[in-house]
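**Q** Handing you a structure now.
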Amino acid sequence: MKVLKFGGTSVGSVDSIKTVIRILEKNLEKGERIAVVFSAMGGVTNRLIEIGKMAASGNTEYTEFLKVVEERHFAVVRGLIPVKSQSSTFAGVRGLFNELEDILRGVSWIRELSERTLDLIMSFGERLSTLVITEILKSKGIAAEFCDARQIIHTNATYGMGDVNFEITNRQILEYFAKNSALQCVTGFIASTAEGITTTLGRGGSDYTASILAAALDASSIEIWTDVDGMMTADPRKVANAFTIPSISYAEAMELSHFGAKVIYPPSLQPAFAKNITLKVLNTFNVDFKGTYVQKSANGKEYAITGISSIDEIALVNIQGSGMIGVAGISGRLFTALSSNAISVILISQASSEHSICFSIDPKNAQRASEILEREFATEINLGYIDSISIEKNLSIIAIVGEGMRKSSGVSGKLFSVLGKNGINVVATAQGSSELNISVVIAKSDLSKALNAIHGVFFQSETRSLNLFIVGVGLIGSTLLEQIRNQTEFLREEKLLNLNIAGLSNTKKMLLAPDGIKPENWRNRVMDEGVKTSLPAFVQRMIELNLPNSVFVDCTSDKDIVQYYHMLLDASISVVTPNKVANSGTYSEYLSLQRTALQRGVKFLYETNVGAGLPIINTIQGLMASGDKFLKIEAILSGTLSYIFNNFGPGVRFADVVKEAKAKGFTEPDPRDDLSGADVGRKILILAREVGVPLESEEVKISQILPGNCLNAPTVDAFFRELEISDSYFAEMQSKAELKGEKLRYIATLENGKATIELKTVDASHPFYTLSGSDNIVSFTTERYKDRPLVIKGPGAGAEVTASGVFADIMSISSYLG
Ligand code: ADP
Ligand code: ASP
Ligand code: MG
């Protein structure tokens, strides 16, 4: 004997019922005896509940809703039974609807809907679907019989979720099946009390019906036919990468389904387990797929855990007080009070200090639970032993489940570390002593991100993913995309890292595509599918998407973007940028970004703020973290000014060098923007802050290179004329230096907490003396690098090196993913 059960979607339409019939026919051809259980057509149970509630509230529109339900059944009859044999089935269906209408009329008269009446109303769902399918089978010449489970499955009078009396039930099932040899089509979900009052087995209870029958009949297996490829590593509606678990133990399946994997109704596992009957979860819409086998022990464990599930909505009750410490019996009284009021507790966590106990429950019981506890502990509250009973809502529970946890250490470390890295706060946690389950309570808004991130590390750990949101595709942004494009394959294959461009924005259009924008054709996709650019909308959408391992890459020079950095870091999204605006604003702004990133466990990286791709900021941070102290920083931090002074020498006019620099594209359109030293000022300010000097921008002392007439010239052309007129001024400075055997260099210095920028002369012993081209150079004198400073030198500007610095920052986040 084998028991098959078909769920709501499987019996929800003409097409799906055709598949069901084919599955049954195949089984019958094999000659093995089978019994089959049907759920109500998909969505019907929910509709019946709604209809019942409408009737009870006096809303007569329920009759319209009822018509729609009736029509669904009629449509199936019309679609699957030959016309000449339809009338008796129509009559049967109509008869059931007449009965239901009478009941609903009664409900609307007395304006009351008890749990008992609701069970009766819900029972029509299974009675209707099973009746119709039995008739379809009969019309195909199959010897099928309708079996109303209320005749054989008996429960107590706990309406909504009857407790099965197995002694009576098992006996009745055996007797019934001994007497009736035709194919039994059994209504799922419903049962009755000994007195014949209709009850139900709890939502999703048709699975249970199948398991009860199978256990009583000593069946060889149970097949639960549903609408997904078996039990999966996570709910496929929430985790797109979830995949089928081929083999799972009863205990694991129980734990997973108990924590929300609603693919199997948890009580169904008990009878199967007791009789050691294999339970298979199969897909009606993918008939040949092997699905999941639930057995005593699972074979071939590939991963440290078996699956992840979640309960979307829970409330956490916290009871705390200094008077609870060491007092025996508090938790006993607490849970007795709850259970005697039929409030079930999903998770419990108590700190070893015994100062507080917290537990989670269904939010609809939260208020009642708090009242019950206030009553139970009234004396303790009055005496001040218990300070407070608080309730927190909008929370979810995630449970990772698997017997493999017992053997492999580090599972919980991995769980908490991935949550931490995604900035997800764990409100409470519990691990069963069976080591089958670790549960964490988190904010509901983080649920999807957490599930995906956890799934990523446990099941797809070979390949990690970073979700990039890139804003600004000017020279640096587009070079970065080009670099990403060239590296994608290498990173995927050699580093097992997937760079997913989940959002892109240029000045005109933006596109958010969580599935990824290919760097090969980003221009076309953004043009074709993008919408008008709006930075606030981009940021908001990014936060709403709440993708794990998200990185915002700001390649703009936007001046108002700082406020978004805060929002992003706060939403646990890392920020990488060459844009100096944020770090060179006020010191408090700078500090608060650092703090937010730290608190949220995400990264704020800006190596390219100073010296493009040169490892300047990383080096400072490394030295600071390892306890070195900075005594002095000297630096040439402008490629333009470096070029100008490296090429200005005997026999060269200063104005000509500046002109040449401009012609080569090394300067801003107005070279005075470089020569003013403002940009260098921002860079030394950032370096100062990095070494712990809390400077504000006005405190950076910049000595002007240019004489007043050059500075004040009204146009760029006029500026160049004035520069030529002032030639002797520069020539004199140059020759003075020359006489001393020195060279002119525009140097930013940080010493004794003061930042200055000046045109200085350096002799041949100075590391800046030999600088050439447009290179940047910094020299760090620290306690450890005291006698000879640490010098970093190289190209400090240009799209290629800047983009590659941004890329390196992104890569450093990926290595942190672990
Ligand atoms: P049926 O009507 O066939 O009984 P259910 O809706 O009760 O089907 O259960 C199947 C659904 O369970 C799937 O469509 C899926 O969305 C959901 N589900 C939740 N968690 C899991 C999981 N871990 N594996 C498979 N399905 C899951
Ligand atoms: N029809 C019932 C429900 O929706 C039982 C089931 O489908 O298993 O809860
Ligand atoms: Mg179900």
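The values are calculated or read from the model by the stated rules, or taken from the named source; none is laboratory data. These figures come from a predicted structure and were not determined experimentally. Methodologically, a virtual Cβ is constructed for each residue, glycine included, from the backbone with ideal geometry; neighbour enumeration extends over all protein chains shown. What goes into the accessible areas is simple: the full protein's heavy atoms, side chains included, and nothing from ligands, DNA or RNA. Shrake-Rupley method; radii C 1.70, N 1.55, O 1.52, S 1.80 Å.
**Q** Of all residues in the range 61-73, count the ones that are open to solvent by less than 30 Å² (accessible area, probe 1.4 Å) and under 21 Å from L137 (Cα atoms). Don't jump to the end; show me each part of the working.
**A** Going through the range 61-73, the residues open to solvent by less than 30 Å² (accessible area, probe 1.4 Å) turn out to be 62, 66, 69-70, 73.
Filter once more, so that each one left must be under 21 Å from L137 (Cα atoms): 70, 73.
Matching residues across the range 61-73 total 2.
**Q** Then there is this: So, of the residues in the range 474-486 that are open to solvent by 30 Å² or more (accessible area, probe 1.4 Å) and either assigned to a strand (DSSP E or B) or touching a Cys at 6+ places or on another chain (Cβ under 8 Å) (or both), which turns out to be modelled with the highest pLDDT?
**A** Of everything passing the filter in the range 474-486, I476 is modelled with the highest pLDDT.
**Q** Which of the helices (runs of 4 or more DSSP H) contained wholly in the range 515-632 include at least 2 residues that are within 23 Å of the chain's Cα centre (by Cα)? Quick ask: steps written out before the conclusion?
**A** Details: elements: 522-529, 535-545, 562-570, 587-600, 616-625.
Answer list for the range 515-632: 535-545, 562-570, 587-600.
**Q** If the Cβ limit is 6 Å and pairs must be 6+ apart or interchain, which residue in the range 40-69 that is closer than 16 Å to L96 by Cα and within 16 Å of ligand 3 (Cβ to nearest atom) pairs with which residue that is of a type in the set (A, V, I, L, M, F, W, C) and part of a loop (DSSP other than H, G, I, E, B)?
**A** Partner pairs satisfying both residue conditions: M41/V11.
**Q** Hey, A272 hits all of (1) of a type in the set (G, A, S); (2) crowded, with 22+ Cβ neighbours inside 10 Å; (3) more than 16 Å from ligand 3 (Cβ to nearest atom) but one; which does it fall short on?
**A** Evaluating A272 over (1) of a type in the set (G, A, S); (2) crowded, with 22+ Cβ neighbours inside 10 Å; (3) more than 16 Å from ligand 3 (Cβ to nearest atom) leaves (3) as the failure.
**Q** Continuing with this model, one more query. Name every residue in the range 715-758 that is open to solvent by 40 Å² or more (accessible area, probe 1.4 Å) and closer than 30 Å to P694 by Cα, in order of residue number.
**A** E751, N752, K754, T756, E758
**Q** To continue, here is another question. When you go through A315, A253 one by one, which is the residue that is open to solvent by less than 10 Å² (accessible area, probe 1.4 Å), under 30 Å from I357 (Cα atoms) and within 16 Å of ligand 3 (Cβ to nearest atom)?
**A** Working: A315 fails: within 16 Å of ligand 3 (Cβ to nearest atom).
Of A315, A253, the one residue that is open to solvent by less than 10 Å² (accessible area, probe 1.4 Å), under 30 Å from I357 (Cα atoms) and within 16 Å of ligand 3 (Cβ to nearest atom) is A253.
**Q** For the range 203-217, state whether one or more residues are within 14 Å of ligand 3 (Cβ to nearest atom), open to solvent by 10 Å² or more (accessible area, probe 1.4 Å), at pLDDT 95 or above and assigned to a loop (DSSP other than H, G, I, E, B).
**A** The first filter runs over the range 203-217 and keeps only residues within 14 Å of ligand 3 (Cβ to nearest atom), leaving 203-211.
Going one step further and asking which of them are open to solvent by 10 Å² or more (accessible area, probe 1.4 Å), we end up with 203-204, 208.
When the remaining residues are screened for being at pLDDT 95 or above, the result is 203-204, 208.
Still in the running and assigned to a loop (DSSP other than H, G, I, E, B): 203-204.
The answer is yes, given that some residue of the range 203-217 is within 14 Å of ligand 3 (Cβ to nearest atom), open to solvent by 10 Å² or more (accessible area, probe 1.4 Å), at pLDDT 95 or above and assigned to a loop (DSSP other than H, G, I, E, B).
**Q** Just checking, does the range 173-180 include any residue being over 19 Å from I277 (Cβ atoms), open to solvent by less than 20 Å² (accessible area, probe 1.4 Å) and not small (G, A, S)?
**A** no
**Q** Moving on. Considering (1) within 27 Å of V345 (Cβ to Cβ); (2) surrounded by fewer than 23 Cβ atoms within 10 Å (Cβ to Cβ); (3) away from ligand 2 (no atom under 14 Å from the Cβ); (4) at pLDDT 95 or above, say which one P267 fails and leave the rest.
**A** Answer for P267: the failing condition is (3).
**Q** State whether one or more residues within the range 152-165 are within 14 Å of ligand 1 (Cβ to nearest atom), under 21 Å from K262 (Cβ atoms) and either open to solvent by 30 Å² or more (accessible area, probe 1.4 Å) or not in a strand (DSSP E or B) (or both). Break it down into steps so the answer makes sense when it comes.
**A** Going residue by residue through the range 152-165, those that are within 14 Å of ligand 1 (Cβ to nearest atom) are none.
No: zero hits.
**Q** For the range 9-39, which residues satisfy the criterion of being within 23 Å of A215 (Cβ to Cβ), open to solvent by 10 Å² or more (accessible area, probe 1.4 Å) and within 14 Å of ligand 2 (Cβ to nearest atom)?
**A** S39
**Q** Next up: Quickly run through the range 292-312 and pick out the residues that are more than 22 Å from N452 (Cα to Cα) and either more than 16 Å from ligand 3 (Cβ to nearest atom) or not aliphatic (A, V, I, L, M) (or both).
**A** First, the residues of the range 292-312 that are more than 22 Å from N452 (Cα to Cα): 293-300.
Those that are more than 22 Å from N452 (Cα to Cα) and either more than 16 Å from ligand 3 (Cβ to nearest atom) or not aliphatic (A, V, I, L, M) (or both): Y293, Q295, K296, S297, A298, N299, G300.
**Q** Before we move on, is K364 over 25 Å from I248 (Cβ atoms) and free of Cβ contacts under 8 Å to residues at least 12 places away in the same chain?
**A** yes
**Q** Has the range 411-429 got any residue that is part of a strand (DSSP E or B), under 28 Å from A298 (Cα atoms) and open to solvent by 10 Å² or more (accessible area, probe 1.4 Å)? Quick ask: steps written out before the conclusion?
**A** In the first step, residues of the range 411-429 are kept if they are part of a strand (DSSP E or B); the result is 428-429.
Filter again for under 28 Å from A298 (Cα atoms), leaving 429.
If we keep only those that are open to solvent by 10 Å² or more (accessible area, probe 1.4 Å) as well, we get 429.
There is at least one residue in the range 411-429 that is part of a strand (DSSP E or B), under 28 Å from A298 (Cα atoms) and open to solvent by 10 Å² or more (accessible area, probe 1.4 Å).
**Q** Still on this structure: Out of R105, R116, R47, I need the residue that is more than 18 Å from C185 (Cβ to Cβ), more than 44 Å from the chain's Cα centre (by Cα) and either modelled with pLDDT of 95 or more or exposed (fewer than 13 other Cβ atoms within 10 Å of the Cβ) (or both). Which one? Spell out how you get there, then give the answer.
**A** Numbers: R116 fails: more than 44 Å from the chain's Cα centre (by Cα); R47 fails: more than 44 Å from the chain's Cα centre (by Cα).
Within the list R105, R116, R47, the selection yields R105.
**Q** Report, by residue number, each residue of the range 634-682 that is open to solvent by less than 50 Å² (accessible area, probe 1.4 Å) and touching a Pro at 6+ places or on another chain (Cβ under 9 Å). Talk me through it step by step, then tell me what you get.
**A** Let us first name the residues in the range 634-682 that are open to solvent by less than 50 Å² (accessible area, probe 1.4 Å), namely 634-646, 648-649, 654-655, 657-658, 661, 667, 670-672, 674-681.
Within the range 634-682, E634, G639, T640, I644, V658, A661 meet the criteria.
**Q** Here is a follow-up. Do any strands (runs of 3 or more DSSP E) entirely within the range 251-353 hold 2 or more residues that are more than 30 Å from A216 (Cα to Cα) and touching a residue at least 40 places away in the same chain (Cβ under 8 Å), and if so, which?
**A** Working: elements: 278-283, 292-295, 307-320, 345-350.
Correct list: 307-320, 345-350.
**Q** How many of the residues making up the range 683-700 are open to solvent by less than 10 Å² (accessible area, probe 1.4 Å) and of a type in the set (K, R)?
**A** Qualifying residue count for the region: 1.
**Q** Further, regarding this structure: On the basis of being within 21 Å of I348 (Cβ to Cβ) and in contact (Cβ under 8 Å) with a residue 60 or more places away in the chain, does I389 make the cut?
**A** Values: within 21 Å of I348 (Cβ to Cβ): yes; in contact (Cβ under 8 Å) with a residue 60 or more places away in the chain: yes.
It is true that I389 is within 21 Å of I348 (Cβ to Cβ) and in contact (Cβ under 8 Å) with a residue 60 or more places away in the chain.
**Q** In the set G58, G42, which member is within 16 Å of ligand 1 (Cβ to nearest atom), open to solvent by 20 Å² or more (accessible area, probe 1.4 Å), out of contact with any strand residue (DSSP E or B) (no Cβ under 9 Å at 6 or more places or on another chain) and in a loop (DSSP other than H, G, I, E, B)? If you could, list the steps in order and put the result at the bottom.
**A** Numbers: G58 fails: within 16 Å of ligand 1 (Cβ to nearest atom).
One residue alone meets the criteria, G42.
**Q** I'd like to verify a number: residues in the range 203-234 that are within 12 Å of ligand 2 (Cβ to nearest atom), touching a helix residue (DSSP H, G or I) at 6+ places or on another chain (Cβ under 8 Å) and among the β-branched types (V, I, T), how many?
**A** Residues in the range 203-234 being within 12 Å of ligand 2 (Cβ to nearest atom), touching a helix residue (DSSP H, G or I) at 6+ places or on another chain (Cβ under 8 Å) and among the β-branched types (V, I, T): 2 in total.
**Q** What are the residues in the range 392-409 that are free of Cβ contacts under 8 Å to residues at least 24 places away in the same chain and either among the β-branched types (V, I, T) or over 20 Å from I248 (Cβ atoms) (or both), if any? I'd like the intermediate steps shown before the answer.
**A** Taking the range 392-409 and keeping what is free of Cβ contacts under 8 Å to residues at least 24 places away in the same chain, we get 407, 409.
Passing the criteria: only S409.
**Q** Modelled with pLDDT of 95 or more, crowded, with 19+ Cβ neighbours inside 10 Å and either in contact with a Ser or Thr (Cβ under 8 Å, 6 or more places away or on another chain) or under 30 Å from G410 (Cα atoms) (or both): does that describe I308? Working first, answer last.
**A** Details: modelled with pLDDT of 95 or more: yes; crowded, with 19+ Cβ neighbours inside 10 Å: yes; either in contact with a Ser or Thr (Cβ under 8 Å, 6 or more places away or on another chain) or under 30 Å from G410 (Cα atoms) (or both): yes.
When the stated conditions are applied, I308 passes them.
**Q** Here's a check for you: in the range 220-246, which residue that is within 16 Å of ligand 3 (Cβ to nearest atom), charged (D, E, K, R) and under 18 Å from D446 (Cα atoms) is surrounded by the fewest Cβ atoms within 10 Å (Cβ to Cβ)? Spell out the reasoning first.
**A** Pass one, the range 220-246, residues within 16 Å of ligand 3 (Cβ to nearest atom): 222-232, 235-237.
Restricting the remaining residues to those that are charged (D, E, K, R) gives 223, 227, 229, 235, 237.
Retained after the next criterion (residues that are under 18 Å from D446 (Cα atoms)): 235, 237.
Working: D235: 20, R237: 8.
Going through the qualifying residues, I end up with R237.
**Q** Assess whether T193 counts as being free of Cβ contacts under 8 Å to residues at least 60 places away in the same chain, open to solvent by less than 10 Å² (accessible area, probe 1.4 Å) and more than 16 Å from ligand 1 (Cβ to nearest atom).
**A** Numbers: free of Cβ contacts under 8 Å to residues at least 60 places away in the same chain: yes; open to solvent by less than 10 Å² (accessible area, probe 1.4 Å): yes; more than 16 Å from ligand 1 (Cβ to nearest atom): yes.
Spelling it out, T193 is indeed free of Cβ contacts under 8 Å to residues at least 60 places away in the same chain, open to solvent by less than 10 Å² (accessible area, probe 1.4 Å) and more than 16 Å from ligand 1 (Cβ to nearest atom).
**Q** Just one of (1) within 16 Å of ligand 1 (Cβ to nearest atom); (2) more than 26 Å from G12 (Cβ to Cβ) trips up D229, so point out which.
**A** Condition (2) is where D229 drops out.
**Q** When residues of the range 219-234 are filtered for being closer than 20 Å to L24 by Cα and outside any strand (DSSP E or B), how many remain? So that I can check it myself, show each step before the final result.
**A** First, pick out the residues of the range 219-234 that are closer than 20 Å to L24 by Cα: 219-230.
Checking the rest, the ones that are also outside any strand (DSSP E or B) come to 219-220, 227-230.
Residues flagged as closer than 20 Å to L24 by Cα and outside any strand (DSSP E or B) within the range 219-234 amount to 6.
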